[in-house]
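A.B. asks: My questions will all concern the structure given below.
The values are calculated or read from the model by the stated rules, or taken from the named source; none is laboratory data. Model, not experiment: these values are computed from the prediction. Note: ideal-geometry Cβ built from the backbone for every residue, glycine included; neighbour counts use all protein chains shown. To get the accessible areas, we keep the full protein, side chains included, count just its heavy atoms, and leave off ligands, DNA and RNA. Shrake-Rupley method; radii C 1.70, N 1.55, O 1.52, S 1.80 Å.
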Amino acid sequence: MTAPSTESDAPVALPWGEAENLTLDLPHAWRPRAEVVWPDLNGGIDDYPAALEQALNAPEAGLGVGPGSTVAIVVDDPSRWTPVREALPILVRRLHERGVRQENVTVSVGVGRHHAVDAEAMRKRVGDAITEAYSCHSPPVDDLSAYDDLGVTPEGVPVRVFHPVAKADLRILIGSVLPHLQAGFGGGYKLIFPGTSHRTTLGALHRQGLSAGQAGRLLGGNADQNPMRQAIRSAARRLGPCLSISHLLGAPGQVLHVTAGHPDAVQDRLAAEAKRRLRAPDAAAADLVVAGNNPWPGDPMQSFKVLLQHRAASRPGGVLVGFFWTEADQIDRSFPMPALRAIAASGAPGGWFIRRGLALASDLVSAVGSPSAFMLRWARELVVDRTVLVFAPPLYDRIGPRLGPIRLFADQGQLWRAAADALGRAGVDTPRIRIFPQGGLTYAPEPEPRTSP
């Protein structure tokens, strides 16, 4: 469970950026009704290298390689704050101690549908020594010739994996477990499926589970009941041996747990701990929910996922407010700026269409197999029956005051007046409020459907 919630009339400070806080200027009368929910980040690792060495010494973490073996290391992409740079030197030293030659080790970044990792970003992600000594790749998601076709899973997913990853004798996955809207939790085999898979594989995986109910209902769920995670595991059976080095993270620089072993076992173990630490306590749906995007490093698409992670905490007809710290060079990491500007330029009419016509659009793209289906389904669930307001000054400066049905703000006073107006139209003067300052870590799952006795 998350850390104990607090209620106070004192101002609430959100983590903002790398080392700052931002005070929420809530109307004074609302403050005593605000419940603040923090993740449980107690017990972090003080000596990460020692902890990683210990994890790799466990019997279940055996590398099983020797002279002549080929090894593909897959790391998560720069939007995550996994300690990849610190882990890689320890890992490659161990590989070489077992006789694996330098030229037989590759490093690939599991970019999935995110931007390709250029040379500068690669150095920042894996370190100068690794980029200079090893073959490092950002898989070209649309170049089919760069992928091995390993067949089709029982779920109908084509298994097309980046050559260096598919052909290696051993794949080592370095990532972290965080709440995920569709896969329950990220990490594990997801670094390959879809991280180092062709776009056709990516699209097919992201269609898994969309027919199972509302988008977001799978958030924080068990892998054995999750359609996307089951399809990922089916795809993984078509590969050879894999070893997962996985982390449970707090803020950047804080590792709560590192473990190594078979990807399924590691994933299940860390997902259970993540659920204990990050899941919001059950509570009645609030009139106003505020979620900060900390510790995501400023990618708006990941920030909007933060809102979806806390959507179920707000009641239908309520107000959902995001506080998005955003670096200027991260704004279009996952969503092209021309597309953002096109939505913004549509103004209120475009917002009406997205809110009212999105269900039809989602059904159409799902029917034709578009990889955008999952994004549209999530967007519909976010805006269809709630007012969504976002404080993000850099995003506001780039695209203006509206992103379809979502209103953007660079001034807190204007934002809270807009929230009060929306609540007033719903007949709420003194709202029940829940605040999630580190919304990139916490999550509030959809309530389980009630069954008749």
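A.B. asks: Considering only residues that are out of contact with any strand residue (DSSP E or B) (no Cβ under 8 Å at 6 or more places or on another chain) and on the phi < 0 side of the Ramachandran plot, which ones fall in the stretch 285-306?
C.D. replies: Of everything in the stretch 285-306, those that are out of contact with any strand residue (DSSP E or B) (no Cβ under 8 Å at 6 or more places or on another chain) and on the phi < 0 side of the Ramachandran plot turn out to be TRP296, PRO297, ASP299, PRO300, MET301, LYS305.
A.B. asks: Tally up the residues in the stretch 251-273 that are polar (S, T, N, Q) and assigned to a helix (DSSP H, G or I), please.
C.D. replies: 1
A.B. asks: All but one of (1) at pLDDT 95 or above; (2) not in a helix (DSSP H, G or I) hold for LEU218; which doesn't?
C.D. replies: It fails just one condition, (1).
So that you can scan it fast, the table gives a plain yes or no per residue for (1) under 17 Å from SER244 (Cα atoms); (2) open to solvent by 30 Å² or more (accessible area, probe 1.4 Å):
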residue: ARG113; (1), (2): no, yes
residue: ARG125; (1), (2): no, no
residue: PRO140; (1), (2): no, yes
residue: THR153; (1), (2): no, no
residue: VAL157; (1), (2): no, no
residue: HIS163; (1), (2): no, yes
residue: ILE174; (1), (2): yes, no
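A.B. asks: Oh, and also: Answer yes or no: is there a residue in the stretch 150-157 that is in contact (Cβ under 8 Å) with a residue 12 or more places away in the chain and within 19 Å of ARG125 (Cβ to Cβ).
C.D. replies: Within the stretch 150-157 (the criterion being in contact (Cβ under 8 Å) with a residue 12 or more places away in the chain and within 19 Å of ARG125 (Cβ to Cβ)), the answer is no, since none of the residues qualifies.
A.B. asks: Next question. So is THR106 under 30 Å from VAL290 (Cβ atoms), open to solvent by 10 Å² or more (accessible area, probe 1.4 Å), of a type in the set (S, T, N, Q) and in contact with a strand residue (DSSP E or B) (Cβ under 6 Å, 6 or more places away or on another chain) or not?
C.D. replies: Here the answer is no, as THR106 does not meet what is asked.
A.B. asks: Next up: For the stretch 241-264, how many residues are buried (at least 19 other Cβ atoms within 10 Å of the Cβ), closer than 15 Å to ASP76 by Cα and under 17 Å from the mean Cα position of the chain (by Cα)?
C.D. replies: Residues meeting the conditions: 4.
A.B. asks: Would you check which residues across the stretch 265-289 are open to solvent by 20 Å² or more (accessible area, probe 1.4 Å), under 25 Å from CYS242 (Cα atoms) and not small (Gly, Ala, Ser) and list them?
C.D. replies: Across the stretch 265-289, the qualifying residues are ASP268, ARG269, GLU273, LYS275.
A.B. asks: Next up: If I filter the stretch 403-411 for residues that are surrounded by fewer than 21 Cβ atoms within 10 Å (Cβ to Cβ) and part of a helix (DSSP H, G or I), do I get at least one hit?
C.D. replies: Within the stretch 403-411 (the criterion being surrounded by fewer than 21 Cβ atoms within 10 Å (Cβ to Cβ) and part of a helix (DSSP H, G or I)), the answer is no, since none of the residues qualifies.
A.B. asks: Going residue by residue through the stretch 127-141, is there one that turns out to be in contact with a His (Cβ under 6 Å, 6 or more places away or on another chain) and more than 22 Å from GLN102 (Cα to Cα)?
C.D. replies: no
A.B. asks: A further question follows. Quick check on the stretch 412-450: of everything there that is outside any loop (DSSP other than H, G, I, E, B) and either without any contact (Cβ under 8 Å) to a residue 12 or more places away in the chain or over 24 Å from PRO27 (Cβ atoms) (or both), which residue is most open to solvent (accessible area, probe 1.4 Å)?
C.D. replies: Applying the filter and picking the extreme gives ARG425.
A.B. asks: Let me ask something else about it. Kindly list the number of the only condition in (1) open to solvent by 70 Å² or more (accessible area, probe 1.4 Å); (2) closer than 27 Å to ALA87 by Cβ; (3) at pLDDT 90 or above that fails for ASN21.
C.D. replies: Unmet condition: (2).
A.B. asks: Among the residues of the stretch 194-215 satisfying the criterion of being open to solvent by 20 Å² or more (accessible area, probe 1.4 Å) and among the polar types (S, T, N, Q), which is modelled with the lowest pLDDT?
C.D. replies: GLN214
A.B. asks: List every residue pair whose Cβ atoms sit under 9 Å apart, with the two residues 6 or more apart in sequence or on different chains, where the first one lies in the stretch 18-32 and is in contact (Cβ under 8 Å) with a residue 12 or more places away in the chain and the second, anywhere, is hydroxyl-bearing (Ser, Thr, Tyr) and exposed (fewer than 13 other Cβ atoms within 10 Å of the Cβ).
C.D. replies: Pairs found: ALA29/THR430; TRP30/THR430; ARG31/SER8; PRO32/SER8.
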